[in-house]
Structure formats: structure tokens, C-alpha cells
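The values are calculated or read from the model by the stated rules, or taken from the named source; none is laboratory data. Keep in mind it's a predicted model, so treat the numbers as computed, not measured. Because the Cβ atoms are built from the backbone with ideal geometry, glycine has one as well, and the counts that use them run over all protein chains shown. Note: accessible area is taken over every heavy atom of the protein model, side chains too, but ligands, DNA and RNA are not part of it. Shrake-Rupley method; radii C 1.70, N 1.55, O 1.52, S 1.80 Å.
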Amino acid sequence: MHDPVVGDRLDQYELTQLLARSGMASIFKAIDLESQQSVALKIPHIQYESDVVFSERFRREQEVGQRLTHPNLVKVLAPREKSRMYMAMEYVEGKSLRALMSDKHPLSTEKALDIARQVCDALVYLHAEGVIHRDIKPENILLTASGLVKILDFGIALFESERRLTWMGLSSAVGTPDYMAPEQIRGRRGDPRTDVYAVGMMLYEMLTCNLPYESPNSRALLRAKTSDEPRPPSYYVPGFDPSLEAIILKAIEVSPRDRYPTAATFLADLKDPSAVLPRDPAIAATRRRAGARVWRRFVLSAAIAAVLATLASLIWLSAHDSPRPVHPQATPRER
Amino acid sequence: MPQQLEPSLNLAWVLVAGFLVMFMQAGFALVETGFTRARNATNTMAMNLIIYPIGVIGFWLIGYGLMLGGLREWPSLGPAVAGAHEVALRLGGHSWGLFGAAKFALVTVSRDPASLAMFLFAVMFMDTAATIPTGAMAERWRFSAFVFYGFFMSTLLYPLYGNWVWGGGWLSTLGVNAGLGHGHVDFAGSSVVHMTGGITALAGTLCLGPRLGKFRADGTVSPMPGHNLPMSVLGTLILAFGWFGFNAGSTLSASDSRIALVAVNTILSSSAGALAALFYVWFTIHKPDVGMACNGLLGGLVAITASCAFVSPAAAVLIGLVAGVLVVRTVHLLERRLHIDDPVGAIAVHGACGTWGALALGLLADGSHGFGWNGVAGPVRGLFFGDVGQLEAQCVGVLANIVFVFATSFGFFWLMERVWGNRVSAEVEHYGLDLYEMGTDAYPRE
């Protein structure tokens, strides 16, 4: 068996064009010889076929994909027979959101909101099916010429009931931590609010061409994302719509508790941004967290004081309650 | 115990303890190499290997005479021998020892078991101090410049400060001559060994400058993680084991009933240091950083070294806790504020915690030990137990170390820079010292 090339036949498909090639798999455009329709085939490189973690991930991606039907999700097809590991998907003519943003100009508000709404709509469906995508990022969002959004790549998606795989174990595959939620960084499996966070980050980037956290290295970035407040969009775009800013900041709150609890509530605000009150910097989550911080600091100081007081009394007791030798010997050491 | 048995037992104890301290060399090699990058692994290992023979030869030839040449005897190890001589300054009616001037190359004591055992024990201590800068200066130091440094450290720098504290020099007589407690007291070397190593490392790192790419033009710091954390963890545990020789051996007597307390204080302080560093880092960056826990454990060991025979177990825990936090804070201070590049954290562990250890004795020594230490009647007491003079003596010792060791070693490195060159070229650093300096890679390159 060899890595397939254009012109090869694979079961009912004939490979016609190499669309993309990554470290782990190649994506080909192919013709379904039975229906004469274009499809996309994702074929892992040969050396990964025997990799247990990889094939488990691949199998899961296919399984999740085949179960789902939604206009904004790339459809995963079920070939009649499969002679090797690969995944057949509907072929989408379009470009990725990453490519769309590559010219470093913010998208128009309407365009950005439209994309975010479509993604959210798909998430509402996914979450209702019990699936968390966990890897929403511009590279995984495809846009057709008519403006239809298609979400790709269920590589690390999870049925909520399935066992946990932490990001550490998948770090080589997961790549950029820019859209990863703080709870994922801390190794939790994530829930619907994890996907809400990623959509919030994308909306932020679409409208400002920047991300709220910037750091020259990924370790510092991870640390900042788990502990620092995000920069508001108006930092980059003066005069940014305050209602929209409130929506975005709520979606990317550090603590999942403070975010939109579901994609549906997020979507409702995205459908009518003007109904959302601008954020008052002095209230709500920020203050609640500041309160938690003060409390945490107080508990910590008290704990430290208690340890020190205990040690001080133990030192005092050791000096006064230990029996002493009756005739202290002269120390035999002379240096 | 029969009269003739006791010195033999003590002699055996000191030798066995010396063997344990020698094993610490392996610990240092593993810790430092694990914390540095793969392309410099052979070089880092080589420095840890070669500092040992250089140190032994240099200390045998000159260092031992300078450091301990002024002492007539070690009462626990055997009778006095003739021929000791300390060069001293007469000032204010008192004699202030500067350096020893006898026993060079062990010629006059080649048949005295006490002197020979003390040579073995002391040379291992010296090697510990000399190894410390190889970690802080790793990944960019010319190997030939390092060899010169090895002789400088073993023949001159370490022996001089060592003489002042342990060889009858002026710091040890601060009590008799100036009424400051028992003079500068350092049971097993927080200041003599670790501060000396740490301060030299600081001077050397300042002269060498940071590794290429460590500090970017925009002021940010790039992390350069070591290549083998398991190696560093193993090294840390080996060091902790060898430290029993370091501290308990410093009683110089197997019949000294303080040995048990010394060993217990050693494990307590190191454990407290490791936990303090671990939880402190966990709390601030949300990950239980193992590398920091290693350095916290070592910091606890360094800090208890001066006072392990003089403080209660509870005080040892306190000393370790402070040391663990101190290590983390110092690492951050050096890296983020001062932009001093110490790949393994040696300045924080040995310099900062050594300083804290020497001062902690002046605070927490509880008056249960050290009767007649350095010729001053009564036990050693810290500030909290009624003797402010002891804390003052500790401060003088610490200041003397900072001023003398820093100035002398900085001068040495500065001179080396002028006449020989301390640092490898950028190209060598880029491709790794293993390839161009050593000619041998530690691991196959991909």
C-alpha cells in the first residue's frame, strides 16, 4: 500500500485533485463514479494507519460526522465499502474563514455577524445532539460563494458521555491555542460554553483583526488566557459598538460560569445586538471575580499566617519543653 | 567507648560522608544537563565531570593549604600535628587571619590521617561550590575558559573565603575579637559553599550575557525549556541523598549526638522547600511545575545547611518554606526584571537560599548547641533566642561573601574576557556547543 496520488482509484472514487496536505493527512477532490458527484476525501498518511491514538480520533471524527445532518455542517458520507482508512465528505466549493481574514482588514459587521450566527446555529444543533465540537477556529470554517457557512473537522469533538481526552495528549494535533478556552487549557473536557468561547474569539478577530491576548510564545499565552482579563475590542477599534462589545466580552469570559450558558442564548443576542445593554465596567462579572479574588487572597493570607504562627509556637515549644543535657558537652568540632 | 576506637570511628564517618558528597557530583551533572537543551548536553556533562579532577588537583596543590593550613588539629579526628601557619593581620590588639600558609600539596601531612580525611572531605565541598556556576553559565561558555575558571576557583577563591569561616580566619574570630556572637557560624556551608558558588555564578552570568534569543528586543522573555526533566528529577534526588553526607558529616564526629537532629532537619527543610515552591507556582501559573519543585527542594537543602545542628525541627520547616518561595521569586526576579539568564536556576537556589540560610542561623539558633564554638563560651543563639550579636556576625559574613566573592570573580571573568574570551561564537551557540566545542553529540541528530 502506498500514499495515494491524483489519478488513483479508491473504491468507488477517483482522485482528481490534491486540495491540501498536512502532516497527518491529505485531502483530495474526487469523483464518485457511481453518482458522478464531486466529493472530498481525507486520507491519512500511511504511517498513521497503525497509530492507535490517531485512528481512534479518525474513527471518532467519522462517527460523529455521519450522525449529523445540518446545512452548516459538512456532510460526512458513508461509502459502500472501504478498502483502507479514509473519510468521504461532501465537496464544498469555497474558502476558509482564515483565508477570508488574511488580508488584515476587519470584515463588515453584517458579514461577521452573519457568519457567527450560522456557526452558532450549527452549534445549537450539535449541542442538542450531545456533541461538543471543541475545535472551532477560522481554519475549520468554510464559506461558499453564496455565503453559506460549513463547519469542518470533528477531530476532537466529543459526545458528552464519552471518556475524556485532555488537550495535552492531543497537543500536537490541536495546534494553535488562540481559540482554546481557558478550561481546556486547564485540562477539562469542556462543555457547550467551550464552543461559545471559540465563536466569541472568532467574532472578535473578524471585527478587529486582532485577538484579545497577544503573546510571543504559546506558554505565556496559555497563562494569560487562564488568568488575565481580555482586552476589549475597542482597544483595537476605537468607537467599537458598545453593545457588540458587551456580547463578545460575555462570550469570552475567562470563567465559563460568566459566559452565555448555551449557544442558543448567544445566538439570540447575535440576532439583535442593539437590544443588549453596553457593559458597565464596574459591575457584573468583573466585580464578582474581583470579589472572589479578594476572598481568595484573604483565605490565602490567613492560611499563611496560620502556618507561620503554628511554626513559631512549635519553635518556642521545642526550645522550652525539650529536656536539655544536664552537662552540655563541649562541641567536639573545631574548625 | 574505648579511647582508641572513637577517633577511628570519627575518621571513618568523615570519609564515608565525603564519599556521599562526592556522589552529589553525579546529581549536579544530571540536574544541570536535564535543564539545558539537547544540543549542549555533552558540554554540560563535560563541565560537571572535569570540574571534579581540576578541583581535586588544584585544591591538593594550593587550595587546601590556603584554606586549612592554619589549623593545628581536629580534636575529634586525632592529635595535633606541627607546622600549621595562618597569615594574619594585627589590628586593634587582635589577630585577624587572612589565609593559611602550610600543608601545600599535603607534603607535611602526608602521614596524618586526620589531615588526609579532612582534605578528602573539604575537597568534595569545594567541588560542590565550583560546580554551581557551570549550571548558570551553561550553553554559551567556552570550554577552555571554563578550565581556567576551575583552577581559579579551587586554588584561590573558595579557599580564601573558606579560610575566613572554617580555617581560623577573621570571620570566625569576630566573636572573640569583636564580641559578635560566636563569630560567623556556618555549620556545613550555606555561605562558604553555596553562596560562594551562587555569587560566582552571578558574576559569571553577568560577564557572559544571556543565551542568544533568550531576551527579545521587545523586552519579552523566551522560554528555553530543558531537554530532559526526568534527568533533572533523578539528579535532584541524588543531591538530596548526598546532602546527608554534606550536613551530617559536618559534625566531623560519629559520636556526636547531634547527627540525628542534623539529618532530620535536612529532610524537613528540603521537603518544606519543595512543597512551598510547588504550591507557590501552582497557585500563580496554575500548573504544578516539577522543575520548580526540584529547585525548591534544593533551595530548602541549601538554606538549612548553615544551621542544621543549631535549630529545632520546627525551625527547619520554617527555613525550608521561606527558601522554597525565595527560589521562585528569585528566578522570576532574575529572568523577568533583571534579564539575567540562568538556565538552571543556580543563582536562585545557591546564591539566594545560601544567603537566607546563613542569616536564618542568626535568627533561629536556639541555644542548644555550639558550646565554645569558635572559642566563645556558651551556646550559639540567634536573635529570637537573645543574641543579636550572632545575627550581626552572620550579616558581616554574608556581606563579606557578596563583596569579596563577587568582586574577585567578576574581576577574574573580566580579565578572562580581555585576554582569552569567555563566550563561544554565535554560530557555535546556534548549532550547539556539542558539535563545535566538544566534537561529540550527546544524542544522534535528526
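What to note about this one:
- You will find that of B:Ser250, B:Ser269, the residue that is of a type in the set (S, T, N, Q) and touching a Phe, Trp or Tyr at 6+ places or on another chain (Cβ under 6 Å) is B:Ser250 and no other.
- Scope the range A:223-268; condition open to solvent by less than 40 Å² (accessible area, probe 1.4 Å) and among the acidic types (Asp, Glu); matching residues: A:Glu245, A:Glu253, A:Asp258
- Residue in the range A:97-113 that is of a type in the set (Asp, Glu), touching a helix residue (DSSP H, G or I) at 6+ places or on another chain (Cβ under 7 Å), assigned to a loop (DSSP other than H, G, I, E, B) and within 26 Å of A:Thr208 (Cβ to Cβ) present: no
- The condition of being outside the structural domain of A:Gly239 (by TED's automatic domain parsing), buried (at least 16 other Cβ atoms within 10 Å of the Cβ) and under 22 Å from A:Pro138 (Cα atoms) holds for only one of A:Arg57, A:Arg21, that being A:Arg57.
- Taking the criterion of being open to solvent by 10 Å² or more (accessible area, probe 1.4 Å), in contact (Cβ under 8 Å) with a residue 60 or more places away in the chain and of a type in the set (Val, Ile, Thr), the residues of the range B:197-255 that qualify are B:Ile199, B:Val221, B:Val233, B:Ile238.
- The number of residues in the range B:133-167 that are open to solvent by 10 Å² or more (accessible area, probe 1.4 Å) and either over 19 Å from the mean Cα position of the chain (by Cα) or farther than 28 Å from B:Gly97 by Cβ (or both) comes to 5.
- Check on B:Val192, in a helix (DSSP H, G or I) and touching a residue at least 60 places away in the same chain (Cβ under 8 Å): yes
- Qualifying residue in the range B:258-265 (condition: under 19 Å from B:Gly351 (Cβ atoms), away from chain A (no Cβ under 12 Å) and part of a helix (DSSP H, G or I)): no
- Any chance A:Lys42 is out of contact with any helix residue (DSSP H, G or I) (no Cβ under 8 Å at 6 or more places or on another chain) and assigned to a strand (DSSP E or B): yes
- Index of the failed condition, B:Gly169 passing every other in (1) assigned to a helix (DSSP H, G or I); (2) in contact with a helix residue (DSSP H, G or I) (Cβ under 6 Å, 6 or more places away or on another chain): (1)
- B:Ala272 within 14 Å of chain A (Cβ to nearest Cβ) and within 30 Å of A:Ser227 (Cβ to Cβ): yes
- Filter result for the condition that a residue is within 14 Å of another protein chain (Cβ to nearest Cβ), at pLDDT below 90 and more than 17 Å from the chain's Cα centre (by Cα), over A:Ser255, A:Ser215: A:Ser215
- Complete set of residues in the range B:80-95 that are part of a loop (DSSP other than H, G, I, E, B) and more than 13 Å from chain A (Cβ to nearest Cβ): B:Val81, B:Ala82, B:Gly83, B:His85, B:Gly92, B:Gly93
- B:Pro288 satisfies every condition listed in (1) at pLDDT below 95; (2) in a helix (DSSP H, G or I); (3) out of contact with any Lys or Arg (no Cβ under 8 Å at 6 or more places or on another chain); (4) not charged (D, E, K, R) except (2).
- Evaluation of B:Leu333 against (1) away from chain A (no Cβ under 14 Å); (2) under 28 Å from A:Ala312 (Cβ atoms); (3) touching a Gly at 6+ places or on another chain (Cβ under 9 Å) (one fails), failing number: (3)
- Any hit, the range B:310-329, residues being part of a helix (DSSP H, G or I), within 12 Å of chain A (Cβ to nearest Cβ) and on the phi > 0 side of the Ramachandran plot: no
- Within the range A:298-333, if we keep just the residues that are modelled with pLDDT of 85 or more and either closer than 30 Å to B:Asn10 by Cα or among the basic types (Lys, Arg) (or both), the residue that is least open to solvent (accessible area, probe 1.4 Å) turns out to be A:Ala319.
- Residues being within 11 Å of chain A (Cβ to nearest Cβ), touching a His at 6+ places or on another chain (Cβ under 8 Å) and small (Gly, Ala, Ser) - total across the range B:147-188: 1
- B:Gly370 assigned to a loop (DSSP other than H, G, I, E, B) and out of contact with any Leu (no Cβ under 6 Å at 6 or more places or on another chain): yes
Quick grid of which residues meet (1) more than 30 Å from B:Arg72 (Cα to Cα); (2) open to solvent by less than 30 Å² (accessible area, probe 1.4 Å); (3) in contact (Cβ under 8 Å) with a residue 12 or more places away in the chain:
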{"site": "B:Cys308", "(1), (2), (3)": "no, yes, yes"}
{"site": "B:Ile319", "(1), (2), (3)": "yes, yes, yes"}
{"site": "B:Leu338", "(1), (2), (3)": "yes, no, no"}
{"site": "B:Ile347", "(1), (2), (3)": "yes, yes, yes"}
{"site": "B:Ala365", "(1), (2), (3)": "no, yes, yes"}
{"site": "B:Trp373", "(1), (2), (3)": "no, yes, yes"}
{"site": "B:Arg381", "(1), (2), (3)": "no, no, yes"}
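- Residue within the range B:362-380 that is in contact with a Gly (Cβ under 9 Å, 6 or more places away or on another chain) and within 21 Å of B:Phe35 (Cβ to Cβ) present: no
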